[in-house]
Amino acid sequence: MTFKEKVNSLLAECLLEKPSIFLIDLIITDAFKVIVTLDGDNGVALQDCIDVSRFIDNELDREEQDYSLEVASVGVGSPLKLIRQYKKNIGRTLILKTGAELIEAELVEANDDFVVLSWKAREPKKIGKGKETVQKELQLHYGDIKEAIVTVTF
């Protein structure tokens, strides 16, 4: 079993004990720096990162392979990568890049195939001069989304 396979296996085993936490990214550099990025259905607590780090660290042998380990939660402003992240952010505002446009909208629905977005836009009136505010809704397949970031409001 290679080092990467061993780390992957340990990570999967550890996350089975924490069903609300899930893996976003696992990077192992040529210098054996292990970088684990986590997210959770209810966020990721510092203790979750500590628990995962300790679990992996206790199972690996530094005599066999010298490594460094970094476990962190996904950062604010990081792009959404998994369908599970979209589902946990229903009701929040996203900035989405598609091939042709940039959309800032509320995430109304997220299922296994697509998301539904809703936003207000100013468009020319159908009759007369000026603009009116209209409610827009768009169903967008995950494959059409180039990048999606949750906006943070204070």
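Listed by chain and number, the lysines placed with their C-alpha closer than 29 angstrom to that of Lys81 are Lys4, Lys6, Lys18, Lys33, Lys97, Lys120, Lys136, Lys146; residues fewer than eight positions away on the same chain are left out. In this calculation the C-beta distance from Gln139 to Asp41 is compared with R0 = 30 Å, giving a FRET efficiency of 0.80. Accessible surface for the range 83-154, divided over its residues, is 68 Å² per residue with a 1.4 Å probe.
Mean separation of Cα pairs under 8 Å and 6 or more residues apart, divided by the residue count, gives the range 22-65 a relative contact order of 26 percent.
Taking only protein heavy atoms and a 1.4 Å probe, the accessible area of the range 7-154 is 49% carbon and sulfur. Compared with the dominant principal axis of the Cα atoms in the chain, helix 3-16 is inclined by about 70°.
Counting 0.36 nm for each residue step from Val116 to Lys6 and taking away their Cα separation leaves a gain of 35.7 nm. Relative to the longest principal axis of the Cα atoms of the chain, the long axis of helix 46-59 lies at roughly 40 degrees. The alpha carbons of the chain give a radius of gyration and a Dmax of 20.5, 78 Å, in that order. Take every pair of alpha-carbon atoms less than 8 Å apart whose residues are at least six positions apart; their mean separation over the length of the chain yields a relative contact order of 18 percent. Using the rule -39500 (n - 2.57) for each DSSP H run of four or more residues, divided by the residues of the chain, the 222 nm mean residue ellipticity is -6500 deg cm²/dmol. Take every DSSP beta bridge whose two residues both sit in the chain; close to 80 percent of them are antiparallel.
The values are calculated or read from the model by the stated rules, or taken from the named source; none is laboratory data. Note that the structure is predicted; figures quoted are calculated from it, not measured. A quick note on method: Cβ atoms are made from the backbone with ideal geometry, for glycine too, and the neighbour counts reach across all protein chains shown. Accessible surface is based on the protein model in full, side chains and every heavy atom, while ligands, DNA and RNA are left aside. Shrake-Rupley method; radii C 1.70, N 1.55, O 1.52, S 1.80 Å.
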